[in-house]
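Trainee: The structure is given below, and queries will be raised subsequently.
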Amino acid sequence: MTKVEAVIQTSKLDPVKDALHEIGVEGMTVLEARGHGRQKGHTEFYRGREYTVDLIPKIKIELVLADDMVEKAVQTIVTAARTGKIGDGKIFLTKIDDAIRIRNDERGDSAL
C-alpha cells in the first residue's frame, strides 16, 4: 500500500476528484492548506495599501491505495491538475505498512 499526498491549486479540486472517481478511486481525504513553494507568494493592494500574500491557499488530497493503483492515480492527478504554470503543486508517495478498518478489524488492502 502507498499513501499519495497531492498538494494542488484550489481551482483544480473538482477536476482531480472527478478524474480519480473515473479510474475507480473510492476514498480520499481533502484538506484546505496554505503554503508556498518557489513562487514565494505575491503582492496585492487593498484599499490603497500594498501587502504580501506569502501563504497561498492550496488543497491537499490524501489517498491510501493498493500498489497496483498508485501509478495510474498519480498520472490522473498530474493530468487533471496541470496548468503548466508555477504553483501547480506536488505529489508525495509514502509506503504504508498496514491499514485497519475500525468497524470490523479488516487489515491490509481489504481495509481500503
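Trainee: Net charge near D88, counting Lys/Arg +1 and Asp/Glu -1 over other residues with Cβ under 10 Å of its Cβ?
Mentor: Neighbour charge sum, excluding D88 itself: +4.
Trainee: With each run of n ≥ 4 DSSP H residues scored as -39500 (n - 2.57), what mean residue ellipticity at 222 nm is computed for the chain after dividing by its residue count and rounding to the nearest 500 deg cm²/dmol?
Mentor: Theoretical 222 nm ellipticity from helices: -7000 deg cm²/dmol.
Trainee: Could I ask something else about it? Extending each Cα 7 Å along its Cβ direction at I96 and E32, get the distance between those two points in nm, one decimal.
Mentor: Result: 2.5 nm between the two label points.
Trainee: Have a look at region 1-108 and give its Rg and Dmax from the Cα atoms, expressed in angstrom.
Mentor: Cα-based Rg and Dmax for region 1-108 come out at 16.7, 59 Å.
Trainee: Could you identify which residue out of D97, D68, D14 has the top mean-square fluctuation in a GNM of the chain using Cα springs shorter than 10 Å?
Mentor: D97
Trainee: So how do 73-81, 100-108 stack up, highest first, on mean other-Cβ count within 10 Å?
Mentor: Result, highest mean Cβ count within 10 Å first: 73-81, 100-108.
Trainee: Can you give the accessible area per residue of the chain, in Å², using a 1.4 Å probe?
Mentor: About 69 Å² of surface per residue is accessible.
Trainee: If you don't mind, another one. Count of lysine pairs in region 1-75 with Cα atoms under 21 Å apart, counting only pairs 8 or more residues apart in sequence or on different chains?
Mentor: 15
Trainee: First select every other residue whose beta carbon is under 15 angstrom from the beta carbon of I100; then total the charges, Lys and Arg +1, Asp and Glu -1.
Mentor: Net charge in that neighbourhood comes out at -1.
Trainee: With a cap of 14 neighbouring Cβ atoms within 10 Å, and only residues DSSP puts in a loop, list the GluC sites (Glu not before Pro) found in region 1-77.
Mentor: E26
Trainee: First compute the accessible area of the chain with a 1.4 Å probe, then give the percent of it belonging to carbon and sulfur atoms.
Mentor: Solvent-exposed carbon and sulfur of the chain make up 49 percent of the total.
The values are calculated or read from the model by the stated rules, or taken from the named source; none is laboratory data. Everything quoted here is computed from the prediction, not taken from an experiment. Positions of Cβ are generated from backbone atoms using ideal geometry, with glycine treated the same way; all protein chains shown enter the neighbour counts. Surface areas here come from the heavy atoms of the whole protein model, side chains and all, with no ligands, DNA or RNA. Shrake-Rupley method; radii C 1.70, N 1.55, O 1.52, S 1.80 Å.
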